[in-house]
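Below is one structure, written out as structure tokens, with a few remarks after it.
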Amino acid sequence: MKKTRTNARGSSRRDFLKLSAAAAVGMGISQPVASATLTSQMSSQAKLELIQGKDPYSLAARIGKYLRVTDVTDGLDAVGRADLTLMDPLIRPLWMGVRFWGPAVTMRVIPTNRRMPVIDRKDALLQHDIWNKSGGSHARLLTKPGCVIVTSTNGARECGYWGSNNSMAMQADGVVGIVTDGNARDTDEIILQKNPVACRGIGRTIIPGRVELMDVDVPVACGGVMVRPGDIIGCDWDGVVVVPIEVAEEVLYFAARIAIDDKKSRRNLYEKLGKKPDETVDWESVADYFKDIL
């Protein structure tokens with residue numbers, strides 16, 4: 001009996017690693033050797049089941065056209081993922097009006113155990129470069145237009161990994177959102193610039209001597225939930241949700257049905273109260289947009 005349980009756990013872990021690798025391959029992301037080996041060992045049929053028809057970028061675009069985080073949360077309930085994919089409610093967008101959906105590109109950041117050396121005046125602008133060259137960065141972040149960067153900080157103390165400069169640089173490269181269970185800094189400018197950042201808190205310090213970037217495009221824990229490369233991340237004023245790529249199509253169906261019904265119901269209440277209808281109760285447009293799947 002004990003041996004059976006061990007085999008089941010091993011099989012489950014292999015399935016998880018295969019799914020993570022397959023999702024990443026579907027995005028065209030290079031994987032570490034171990035993941036690449038697992039992927040090469042998968043049968044063609046398994047790859048088709050995991051990837052074909054589940055392009056995370058097209059699915060994210062469809063979800064993001066009309067649906068709210070709450071609609072998608074209800075859809076996740078319908079497919080049996082209730083509460084498992086809701087990030088900690090403390091992780092919130094910095095300004096009202098933030099709204100984004102996109103496939104995850106993940107980063108694993110950990111607290112360091114060494115200090116940044118004291119620098120000379122001539123090196124005043126080289127702190128990040130010095131830190132990276134001394135081993136502060138063990139991986140390179142590569143993004144794709146339409147993606148959402150998810151940064152797991154593993155309990156690091158106050159450190160503004162994302163600020164008004166690097167978050168805007170990501171936005172300029174086509175990144176549609178940034179989510180971190182750590183801090184952001186320069187937040188007055190992030191808000192002014194309308195950079196799409198959701199974070200747990202506000203920080204003041206810079207990266208050197210505080211955290212090290214260990215991995216990119218690996219499964220991470222962020223806000224108490226699992227996030228894998230290619231899982232779809234959504235954010236609005238209600239918070240952040242993760243849609244596992246393998247259930248995204250089913251979630252989209254349920255969320256669309258729920259959203260249309262909600263808009264119909266609220267349209268009736270608008271009329272009863274004599275309120276002028278707005279775009280949030282335009283159920284006809286949503287129904288037309290999703291007519292191919294409903």
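Miscellaneous remarks
- Modelled FRET efficiency - R0 41 Å, E249 with I202, Cβ distances, 0.05 increments: 0.65
- The accessible area of R108, taken with all protein chains in place and a 1.4 Å probe, comes to roughly 80 Å².
- Projected label points at K144 and Q193, each 7 Å from Cα along the beta carbon direction, are separated by 2.5 nanometres.
- Pairwise label distance in nanometres, L84 with E284, each label 7 Å out on the Cα-Cβ vector: 4.0
- Of the trypsin sites (Lys or Arg not before Pro) in the stretch 260-294, the ones in a loop by DSSP (not H, G, I, E or B) with at most 16 other beta carbons within 10 Å are K275, K291.
- Its Cα centre serving as origin, the stretch 199-285 has a Cβ charge dipole (Lys and Arg +1, Asp and Glu -1) of approximately 540 debye.
- Between K275 and M214, the contour length at 0.36 nm per residue exceeds the Cα-Cα span by 16.7 nm.
- Once all protein chains are placed together, K54 keeps about 40 Å² accessible to a 1.4 angstrom probe.
- Using alpha carbons only: equivalent-ellipsoid semi-axes of the stretch 183-294, gyration tensor based, whole Å: 37, 22, 10
- H138 exposes around 100 Å² of accessible area when a 1.4 Å probe is run over every protein chain in place.
- Rounded Å value of the spacing that divides the Cα centres of the stretch 104-148 and the stretch 234-280: 39
- Antiparallel beta bridges, as assigned by DSSP with both residues in the stretch 105-222, represent about 25 percent of the total such bridges.
- Virtual spin-label span in nm between L126 and R99, 7 Å along Cα→Cβ: 4.7
- Between the residues T106, S134, N183, the greatest Cα displacement towards the positive end of the dipole of the stretch 78-204, with unit charges on the Cβ of Lys, Arg, Asp and Glu, is found for S134.
- Unsatisfied cross-links (Cα-Cα over 24 Å) in the set K65/K263; K54/K264; K54/K291; K144/K194; K65/K291; K54/K263: K54/K264; K54/K263
- Charged side chains reduced to their Cβ positions (Lys and Arg at +1, Asp and Glu at -1) give the stretch 94-174 a dipole of some 160 debye around its Cα centre.
- Probe 1.4 Å, accessible area per residue of the stretch 113-255, Å²: 47
- Taken about its Cα centre, the stretch 96-142 carries a charge dipole of about 100 debye when Lys and Arg each add +1 at the Cβ and Asp and Glu each add -1 at the Cβ.
- For the stretch 102-155, averaging the sequence separation of C-alpha pairs within contact (under 8 Å, six or more residues apart) and dividing by the residue count gives a relative contact order of 75 percent.
The values are calculated or read from the model by the stated rules, or taken from the named source; none is laboratory data. If you're wondering where the values come from, they're calculated on a predicted model, not measured in any experiment. Heads up, the Cβs are rebuilt from the backbone with ideal geometry, glycines too, and the neighbour counts pull from every protein chain shown. For accessibility, only protein heavy atoms count, side chains too; no ligands or nucleic acids. Shrake-Rupley method; radii C 1.70, N 1.55, O 1.52, S 1.80 Å.
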